[in-house]
1. If you average 1/r over all unlike Cα pairs in the chain and invert the result, what Kirkwood radius do you get in angstrom?
2. FRET efficiency for residue 36 and residue 9, Cβ-Cβ distance as r, R0 = 35 Å, nearest 0.05?
3. What percent does the relative contact order of the chain come to when contacts are Cα pairs within less than 8 Å and at least six residues apart?
4. If r is the Cβ-Cβ distance from residue 50 to residue 78 and R0 is 22 Å, what FRET efficiency results, to the nearest 0.05?
5. Using helices alone, what [θ] at 222 nm do you get for the chain, with -39,500 (n - 2.57) per DSSP H run of 4 or more residues, divided over all residues and rounded to the nearest 500?
C-alpha cells in the first residue's frame, strides 16, 4: 500500500486477483467508516452487491458491486490497528 504522508488516499498494488488485471477498471476501493450503514444506504438507493455476506480479511471487511457503466467497486471498512 502506498500512501503519501498526511494523505487520506492510498494505492494498493496487488497481482493475485485474476479478475483485476493491470490497467483494468475493476477493484477501485471506496473506504468507509461504517460498512453496515453505508451498505444499507446504497442498497436503499438500488445498489446490488455481488456477495450475500460481508467478506472479511485481517486488513478489513468489504462487499463489491458494479456501477451502471460496468466498473467494479469495492466498498471497504479497514481494520484500525
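Please treat every number below as a calculation from the coordinates, not as lab data. The structure presented is a predicted model; accordingly, all values stated were derived computationally and were not measured. Positions of Cβ are backbone-derived with ideal geometry, glycine not excepted, and every protein chain shown enters the neighbour counts.
1. Values: mean 1/r = 0.0725 Å⁻¹.
Mean inverse Cα-Cα distance, inverted, gives 13.8 Å.
2. Values: r = 23 Å, r/R0 = 0.67.
Efficiency for this residue pair is about 0.90.
3. Numbers: 101 pairs, mean separation 22.7, N = 81.
Reported as a whole number, the value is 28 percent.
4. Calculated transfer efficiency: 0.70.
5. Numbers: 1 runs with 10 residues, N = 81.
Calculated mean residue ellipticity at 222 nm is -3500 deg cm²/dmol.
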